[in-house]
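Only one structure is covered here, and it is reproduced in the block below.
The values are calculated or read from the model by the stated rules, or taken from the named source; none is laboratory data. Source: prediction; values computed, not measured. As a convention, Cβ positions derive from the backbone with ideal geometry for all residues, glycine included, and neighbour counts pool all protein chains shown.
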Amino acid sequence: MTATCCERPGCDGVIEATGFCGTCGRLPHPEGPPAPPSAVPQAPSAPARVWALPVFDFPDPRTRILADPHFPERDRRCARCEHPVGRARQGRPALASGYCPSCGHRFSFLPGLKDGDLVAGRYEVIGCFARGGFGWVYLARDRHLDSLVVLKGMIDEAQAPMADAERRALIMLDHPNIVRIRDFVAHPDAHTKQSREYIVMSYVDGPVLNDIRKESARGALPLGEALRAEHVAVCGVRILAALGHLHGLGLLYCDMKPENVILQPGQRGEEEASRVKLIDLGAVHKMGDRDHRVIGTQGYQVGPEELKERGATVQSDLHTVAVTLTRLLDVTADKMNRRPGDDRVEVGLESFRRLLARAGHHDPDRRFASAAQMSEQLEGVYREISALRDGTPHPHPSTLFAPTAGLLDAGLSVVPPLERWIRGGWSPELPPPLDLGSPNPIVAALGLPVPLADPDDPAAVILAALDDRDPGRLLDTRFPDGGDTAEIRFARCRAHLEVGDLDGMDADLERAAELLGETATRDWRVRWHHGLRALATGEFAAAEREFGAVYDAVPGEEAPKVALGYCAEAAGQAGRAERYYQAVWCRDHRQASAGFGLARIRLSRGDRAGAMEVLDGIPPASRHSDVAGVARVLTLSGRLGGSLPDARLLSRAAGRLADAYVDDDARDRLTTVIQEAAFARIRADGGPLPADGGAVFGRHPDEHTLRLRLERSYFALAEQARDAGSRCALVDRAHAIRPMTIL
């Protein structure tokens, strides 16, 4: 039977019999992978093993049997009234079994099975090796199948209703990131002699995440390598896949914590990667159930006020995930072993912190709406950190922002206008410095990515049919009665911005907020358009606040970081701008606006090689590939402050021009730029240029040769002039550069 490959980007797993991918734990996309917009050239997807967790060794489970199982006094509470029981008092030793002094209910915290017990005539107990949230966990051998299993019982018989809930939940569950149930059996308790029920589950080898957390906190390497932020992110994606499956069945997990997740090690030398498994589903709770108590762990679960007001919800589940991942992130090498100046992945860690802050927000309405929504942003954070770490791009199309044809650049990508040579004021011996200009604020606001329309908005289909290149037509369009929606108003905001009507933009933005009602204050699209409005008027601090709020809401997206990078650059904060641009650029080389911003900042420091590294990274299939060719020529041949390019750089510039895709007029102007730089270099050095520039300035050109070539170039530029005055100025420049001759 041919295996069906998972179509999720970055995953090389196969779809198992459960219908879920055995590696990423998610359902295949219902219609295959999401198709990117046709106008966007797509780069190859991330490397196949990018989502793999480390493969590590783990000891034989028999070595982990507890010699003296002990239930901590601090955790002993009556199952009926939650009164503290089994505590030492006034010199009397703590009792592991007895009666609750508050309600009289009997309690026992002793293991009910012992080594050698045969349960249901099939499962031979090896020993107690763990304590779950609600019962002891035993390792046993299935005599029928000669395989290891896990038996889990309740600590107290009063908790049997919870066992029933766990049973019902586990019967329904069939997911690669959730432990599988195999059987339900009963056996007399060794102490009370009463029959107790046990759940038989598949044995999952590997440490719980809490053990990994503890080992990492003391500097050990529980995974065979240091725990990194990427590992935590991958675990989070797998956990969210499992919770999303539960939520789809109308169930809430409620007790997510590092003790309830096992990292199952993969097999060395084989394709099977390490996997994440959720265990101990004793706290599973039905959505909307307000009659039964919600079981959870203090410090992970939301506060009692929220539970009293709302009960258990998807948002309360996501809160526990946020706390779990925060505890793990705090003991990663990125957090504990960070050295001064080691900020390579700092923006990625900032994105991770913002994601966890949203998921664990004190206001449940500000948390993510679903496990899938949180997972989507966490995947973006993972790609960002991985790309910053290893320098390998991990691109993926955004589901929230449309690609933009705009480019945040007004210097490097621009072929010099004819006015440069007409206006004068400079000599070929010292040509003008390289133009590093970034676009003005209004152009930048229009060049930032556009949020995709909410597909559930009634006007989404109408807006998709309109030509967004004609803002006037959009503003003149009269929508049918009842067609006034937030998406229409957002589209009108951008149209007003394009025609320069900021008052109209304010009015439509206010109307969008009215249509959204009480959700407007937490809708990131409102903040995004407020940011565009502030940016258009050069209010960079205000724009940064708005874009920062968008970053808080969707930390896995690239668009807010591009916007924040531009704001920082425009405000003269080159270091901050570089970090944001770098994070976006490393993740996706198609993000040319970030690449050009990064190149500008490097050139401002005199780092011509660093700028060329970025510009050379823009893929040939990019819509900005042609202007990147122009930028490469200008970067290699331009004057940086008082620094002229040397012969090697000029030779490279000539070669890049030969490969550039430009029209004849642009080629003539760029040829002239290179020749002027070569002429200035010769005049400064007082000798010929030891380079081979081919058709641009010839083999080993001297001053006489370059004067002749520049003369021809200026005459060629004169043919581009549109008026007599300009043409005369260029002809005069040609005559001035011509070498002296004796008749």
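Observations on the structure shown:
- Any hit, segment 295-307, residues being farther than 24 Å from residue 384 by Cβ and touching a Cys at 6+ places or on another chain (Cβ under 7 Å): yes
- Any chance residue 134 is at pLDDT below 65, among the aromatic types (Phe, Trp, Tyr) and outside the structural domain of residue 276 (by TED's automatic domain parsing): yes
- Only residues that are buried (at least 21 other Cβ atoms within 10 Å of the Cβ) and either of a type outside the set (D, E, K, R) or under 11 Å from the mean Cα position of the chain (by Cα) (or both) were counted in segment 562-587, giving 16.
- Screening the candidates 547, 596, 540 for the property of being touching a Ser or Thr at 6+ places or on another chain (Cβ under 7 Å), within 29 Å of residue 628 (Cα to Cα) and either at pLDDT 95 or above or surrounded by 19 or more Cβ atoms within 10 Å (Cβ to Cβ) (or both) yields one hit, 596.
- Residue check for residue 509: over 30 Å from residue 731 (Cα atoms), touching a Lys or Arg at 6+ places or on another chain (Cβ under 8 Å) and at pLDDT 90 or above: yes
- Any chance residue 222 is at pLDDT below 90, in the same structural domain as residue 380 (by TED's automatic domain parsing) and outside any strand (DSSP E or B): yes
- Considered as a group, the residues in segment 614-650 that are in contact with a helix residue (DSSP H, G or I) (Cβ under 9 Å, 6 or more places away or on another chain), small (Gly, Ala, Ser) and free of Cβ contacts under 8 Å to residues at least 60 places away in the same chain include one that is farthest from residue 405 (Cα to Cα), and that residue is 647.
- Residue that is farthest from residue 84 (Cα to Cα), among those in segment 109-123 that are assigned to a strand (DSSP E or B) and over 47 Å from the mean Cα position of the chain (by Cα): 118
- Checking each residue in segment 488-537 for being of a type in the set (Lys, Arg) and more than 19 Å from residue 400 (Cβ to Cβ) picks out 492, 511, 533.
- Check on residue 684, within 27 Å of residue 604 (Cβ to Cβ) and modelled with pLDDT under 90: yes
- Of the residues 312, 372, 387, the single one that is under 18 Å from residue 246 (Cα atoms) and in contact with a helix residue (DSSP H, G or I) (Cβ under 6 Å, 6 or more places away or on another chain) is 372.
- Selected residue [of a type in the set (Val, Ile, Thr), within 19 Å of residue 437 (Cβ to Cβ) and surrounded by fewer than 24 Cβ atoms within 10 Å (Cβ to Cβ)] from 630, 662, 614: 630
- Selection count, segment 405-462, where residues are β-branched (Val, Ile, Thr) and touching a residue at least 60 places away in the same chain (Cβ under 8 Å): 4
- Filter result (touching a residue at least 60 places away in the same chain (Cβ under 8 Å) and part of a loop (DSSP other than H, G, I, E, B)) within segment 249-270: 249, 253, 254, 255, 256, 257, 265, 266, 267, 268
- Residue 277 vs. criteria in a strand (DSSP E or B) and charged (D, E, K, R): yes
- First in segment 560-573 and among the hydroxyl-bearing types (Ser, Thr, Tyr), second anywhere and crowded, with 24+ Cβ neighbours inside 10 Å and part of a helix (DSSP H, G or I), Cβ under 7 Å, 6 or more apart: 566/444; 566/597
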